[in-house]
Amino acid sequence: MHGSGNELSSKAEWRAWLSAERASTTPEQRAEEALKLAEAASGLPRGVVCGYVPFGDEPGSLALLDALRARGSRVLLPVIAPVAGPLDWAEYTGPETLIPGRLRGILEPSGARLGVTAVKGADLVLLPALAVDHGGVRLGRGAGHYDRSLVFASPGTELVAVVRDSEFVDQLPVQSHDVPMTGALTPGQGLVRLPV
């Protein structure tokens, strides 16, 4: 990682810097990292898992979701509502059941909608993130879908941000509405409990 990001002070600056870093990764790097993340599934809690389908240069792949299902977990994926609000959920039963979502490039499950409160039954929520810090602060893309959805999660639910190793940083800017993560999942370290 070039520099430490210490000179960055706002979330907008962090997002710009991290997005540029991600854009510079090669397809080969992303494929290797996705394989390692799928292998790291063995260290994740079993049960009901709210996951997501990575898109663009987000770390991970369907292999992680398939590995979770192979271990006996029930995997739910988000469905983005037409109006800003919490995410709806539907069960993931395999790659062939994914369809294009409302937002371009995002795949969603085609099955029955389970409602915004389905996250309440999750043992583990895997969250996309641009970065997460050692204290558990997650930096998302800024749309707020997960901030509005995690209010429905039960106390004690594992909240794990999925990031590249270089995106697991010392400290990020924090705001009062930010929900702290209980873990980070990286290709090189697997599951790391937070705060460190």
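The values are calculated or read from the model by the stated rules, or taken from the named source; none is laboratory data. Predicted model, so just to flag it, every value in this text is computed and none were measured. Using ideal geometry, Cβ is built from the backbone for each residue, glycine included, and neighbour counts are taken over all protein chains shown. For accessibility, only protein heavy atoms count, side chains too; no ligands or nucleic acids. Shrake-Rupley method; radii C 1.70, N 1.55, O 1.52, S 1.80 Å.
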Subject >> Most to least packed among 81-90, 127-136, 41-50 [average Cβ atoms within 10 Å] >> reply: 127-136, 41-50, 81-90
Original post:
Is the stretch 1-88 rounded, prolate or oblate when judged by the Cα gyration tensor, a ≥ b ≥ c being the square roots of its eigenvalues, rounded requiring a/c under 1.5 and prolate requiring a/b larger than b/c?
Top reply: oblate
Original post:
In the stretch 1-84, what percent of the accessible surface is made up of carbon and sulfur (1.4 Å probe, ligands and nucleic acids excluded)?
Top reply: 57 percent
**OP:** Give a quick list of GluC sites (Glu not before Pro) in the stretch 1-107 that DSSP marks as loop, anything other than H, G, I, E or B, with at most 10 other Cβ atoms within 10 Å.
**Re:** E7
Subject >> Whole-Hz ³J(HN,Hα) from phi, Karplus 6.51 cos²θ - 1.76 cosθ + 1.60, for the stretch 175-184, glycine and proline x >> reply: 10, 4, 7, 5, 8, x, 7, 9, x, 10
Original post:
Taking R0 as 41 Å, what's the FRET efficiency between L114 and S176 from their Cβ-Cβ distance, rounded to 0.05?
Top reply: 0.90
**OP:** Name the residues whose placed amide hydrogens come within less than 5 Å of the amide hydrogen of A131, ignoring near sequence neighbours (fewer than 5 apart) on the same chain.
**Re:** L139
Original post:
Taking the Cα centre of the chain as origin and charging only Cβ (+1 Lys, Arg; -1 Asp, Glu), how large is the dipole, in debye to the nearest 20?
Top reply: 540 debye
Original post:
Any idea how far apart S9 and E39 come out in nm if each label point goes 7 Å out from Cα toward Cβ?
Top reply: 4.2 nm
Subject >> For D178, residues with placed amide H under 5 Å, excluding near neighbours >> reply: none
**OP:** Hey, can you grab everything whose amide H is under 5 Å from the amide H of L76? Only 5+ residues off in sequence or another chain; H modelled, so Pro and N-termini drop out.
**Re:** V49, C50, G51, Y92
**OP:** With a 1.4 Å probe and every protein chain left in place, work out the accessible area per residue of the stretch 38-122 in Å², rounded to a whole number.
**Re:** 45 Å²
**OP:** Report Rg/Rh for the chain, rounded to two decimals, where Rg is the Cα radius of gyration and Rh the Kirkwood radius.
**Re:** 0.93
**OP:** Assuming a ≥ b ≥ c are the square roots of the Cα gyration tensor eigenvalues, decide whether the stretch 48-139 counts as rounded (a/c under 1.5), prolate (otherwise, with a/b larger than b/c) or oblate.
**Re:** rounded
Subject >> Radius 11 Å from Cβ of P180, net charge of other residues (Lys, Arg +1; Asp, Glu -1) >> reply: -1
**OP:** Enumerate the calculated ³J(HN,Hα) couplings along the stretch 49-57 in order (Karplus 6.51 cos²θ - 1.76 cosθ + 1.60, θ = phi - 60°), each rounded to whole Hz, writing x wherever the residue is Gly or Pro.
**Re:** 10, 8, x, 6, 9, x, 9, x, 9
**OP:** Return the sequence-ordered ³J(HN,Hα) values of the stretch 21-34 in whole Hz as given by the Karplus equation 6.51 cos²θ - 1.76 cosθ + 1.60 applied to θ = phi - 60°, using x for Gly and Pro.
**Re:** 4, 4, 4, 8, 6, 8, x, 5, 4, 4, 5, 5, 5, 4
Original post:
With Cβ to Cβ distances under 15 Å as the rule, what net charge do the other residues near V196 carry (K, R +1; D, E -1)?
Top reply: -2
**OP:** Binning at 5 Å from 0, report for the stretch 84-196 what percent of all alpha-carbon pair distances ends up in each bin.
**Re:** 2, 12, 19, 22, 20, 16, 7, 2, 0
Original post:
So what's the back-of-envelope 222 nm ellipticity for the chain, counting only DSSP H runs of four-plus at -39500 (n - 2.57) apiece and dividing by all residues, rounded to 500?
Top reply: -6000 deg cm²/dmol
Subject >> Probe 1.4 Å, all protein chains present, accessible-area order of K36, K120, K11, largest first >> reply: K120, K36, K11
